[in-house]
Amino acid sequence: MRALSGAVRTMLTLVAAWQAIVWLVAPPRYILPAPLDVIAVFPRQWRHLLDHTLVTTGEIAAGFAAGTLLGIATALAVAALPRFGRMVWPLVLVLQAFPVFVLAPVLVLWFGFGMASKVVMTTLIIFFPVASAFADGLRRIDPEILDATALTSASRWQALVHVRAPLALPALISGLRVAAPLAPLGAVVGEWVGASAGLGFVMIQANARMQTDTVFAAMAILAVLTLALRRAVDALAPRLTPWAQER
């Protein structure tokens, strides 16, 4: 509750400063609308915004889940098969070197203007921080624990699944916390490049009509979705790693 109240106070301060700038400078509405103008968009276009929000939410959820599963599987494969890791990891790094705006047009061309291209884009963005953090956690297991595991009859795969992976869960949570704010970025960038629905589509259409208040309203919804996803990850952390929570 303290963290929430602090965030609310910060947000109210920013909105008040925004409103003060509008009063003092009086810019045209198409350049900088007032906060009240943005708020007025919601009752006026609530159904339109709701429909497109549901599309973007579905893309974010599907991409986040797929990217997480792919990152976990890759980290486990790299830990279990070091030779596989030496072959695959450079390719992953090269893929991450390309900006999302470079990949988005290609993905739209391959997977179409529907939901699939946005889910793939979100998956690729989520994949690297999850895989990198989890793989690093698997590498940093205390050697004494590994030596003790070697004295048992557990196979290498059993030691990985039942010992190394649970101990690396805090690193996985850290990766998910980094990835959560990036998931909406993947979906919206894909929608900017080519889409017929979604918050990114709303922004492009409103910007072309100089409806800046609608653009800000879509951005506000996107910010809420980002905070909600990060909060979901924070809520999941104590359930997965009750022994590793901060005091």
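Taken together, the values in this text are just the output of simple stated rules run on the coordinates, not laboratory data. None of the values given here were measured: they were computed from a predicted structure. With ideal geometry, Cβ positions are generated from the backbone for all residues, glycine too; neighbour counts draw on all protein chains shown.
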| note | Heads up, region 166-247 by the C-alpha gyration tensor (a ≥ b ≥ c square roots of eigenvalues; a/c under 1.5 rounded, else a/b over b/c prolate, else oblate) looks prolate
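Local charge sum around G63 (other residues, Cβ-Cβ under 14 Å, Lys/Arg +1, Asp/Glu -1)?
Details: positive: K118; negative: E59, E191.
Surrounding charge for G63 is -1.
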| message | Give me log10 I(q)/I(0) at q = 0.11, 0.12, 0.13, 0.17 Å⁻¹ for the chain, Debye formula, one equal scatterer per alpha-carbon, no solvent. | response | -0.71, -0.81, -0.91, -1.24
| task | Please sort 31-42, 58-69, 120-131 by packing, taking for each peptide the average over its residues of neighbouring beta carbons within 10 angstrom, highest first. | result | 120-131, 58-69, 31-42
| task | Give, as a single signed number, the net charge of other residues whose beta carbon lies under 11 Å from the beta carbon of V188, with Lys and Arg counted +1 and Asp and Glu -1. | result | -1
| query | Summing +1 for each Lys or Arg and -1 for each Asp or Glu, what net charge is found among the other residues whose Cβ lies under 14 Å from the Cβ of L199? | reply | -2
| Can you give the FRET efficiency for N207 and L81, using 1/(1 + (r/R0)^6), R0 = 35 Å, r = Cβ-Cβ distance, to the nearest 0.05? | 0.15
